[in-house]
Amino acid sequence: MNATDFWNDQEAAQKTVAEMQRLRGVVAPLESLVNAGDDVQVLLEFAEEDPASEVELHTAVVQLEKDIDRVELQATMSEPEDICAAYVQVQAGEGGTDSADWALMLLRMYVRWAERRGFKVEEIDISHGEEAGIRNATITISGDYVFGYLKGETGNHRLIRISPFDSAGRRHTAFAAVDISPELDDDFEVDINWDSEVREDTYRAGGAGGQHVNKTDSAVRLTHGPSGVVVQCQNERSQHKNRATARKMLQAKLYQLEMEKRDAELAAKRGSKSKIGFGGATVRNYVLHPEQYVKDARTGTKVGNPQPVLDGDIDTFLEAFLRWTLAEQNN
């Protein structure tokens, strides 16, 4: 990077910088642990001579334990795709308007989680519900290890509450499906014959109305014949940009399918091919009535107050899934 011609090739330079940042992300926490361990050793020696130093020693040890726990958690994300950004797709399932509203609530939950961590969020595609909420939406969350953290979210999410859309005030159950795919860079090779295997359809993107209405067929939908995978993008006014994004999404989906074939057990846990509704594999239950709690159907992790979770505080569930996966692998 100190070479005088380093920035002459902007694309290559950006890749090098990104690689450096990834390596720093691995090495820096380990170096920090080593330094913190040395500090604890010094404080231990002080505490043996001066009991008043025990409070500072205790604080340092507690912090070191947290740091070790965080590094161990990152070490569980060892697959090449774990460090990638992620496409997050939310689709309403059974439950009518309630499910559309629930899908929007889930989408907001992931956006808020990303904002808490300082990640960048970009809308790729969205289809609004007839009365409220969304039928489906896709966003990109950009940052290190986004896919690694969120990959366990794939599957069905169930909401139980008193429906705001039921004049009789009855309790309703709504389902929405979440699918997480890694945003791959050029280092990942996916074999696709774009001419013979992929059908491209263009259509007019939806807009806010008035001057914002898109008057050209800029939205792009790609269908991969052999697998049946369908992706679409309409966030850009340019058809060329939408096509490029849709191709990246299709590559991500197909790469994901290959990883699932490589590990059939993981695919079963994800429930990515299950029915969206009753009878499908449920990742998590969000209960707002009569009790109030959120419980993961796989790890058993339970939180008594649903509101912070719906506001994006989902790290407890994400970390529990990673540790549960590690335990399952060890067994």
Unit Cα scatterers, Debye sum, region 6-75: log10 I(q)/I(0) for q = 0.18 Å⁻¹: -0.74
Taking N as its residue count, the alpha carbon Rg of the chain over 2.2 N^0.38 Å: 1.15
Tilt relative to the chain, helix 54-75 - C-alpha long axis, 0 to 90 degrees, to 10: 40
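So which of Lys241/Lys261; Lys66/Lys261; Lys120/Lys151; Lys253/Lys295; Lys151/Lys302 end up more than 24 Å apart by C-alpha?
Details: Lys241/Lys261 31 Å; Lys66/Lys261 35 Å; Lys120/Lys151 17 Å; Lys253/Lys295 28 Å; Lys151/Lys302 19 Å.
Pairs exceeding 24 Å: Lys241/Lys261; Lys66/Lys261; Lys253/Lys295.
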Nearest-ten-degree value, helix 315-330 long axis tilted from longest Cα axis of the chain: 80
Charge sum, other residues only, whose C-beta stays under 12 Å from Arg108's C-beta, Lys/Arg counted +1 and Asp/Glu -1: -2
Spin-label model distance (nm) - Val55 vs Ala18, 7 Å beyond Cα toward Cβ: 4.9
Chain lengthening between Arg135 and Tyr203 when straightened (0.36 nm per residue, less Cα-Cα): 22.7 nm
Note, ³J(HN,Hα) from phi for region 11-17, Karplus 6.51, -1.76, 1.60, rounded to Hz, x at Gly and Pro: 5, 5, 5, 4, 5, 5, 4
Residue-by-residue Karplus 3J(HN,Hα) for region 24-41, coefficients 6.51, -1.76, 1.60, Hz, glycine and proline x: 4, x, 8, 6, 4, x, 5, 4, 5, 5, 4, 5, 5, x, 5, 5, 5, 4
Stretchable slack from Arg170 to Tyr293, in nm (0.36 nm times residue separation minus alpha-carbon distance): 42.4 nm
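Each value in this text was obtained by applying a stated rule to the coordinates, not by laboratory testing. The shown structure was predicted, so the numbers you read here are calculated from the model rather than taken from an experiment. Cβ atoms come from the backbone with ideal geometry, glycine included; neighbour counts cover every protein chain shown.
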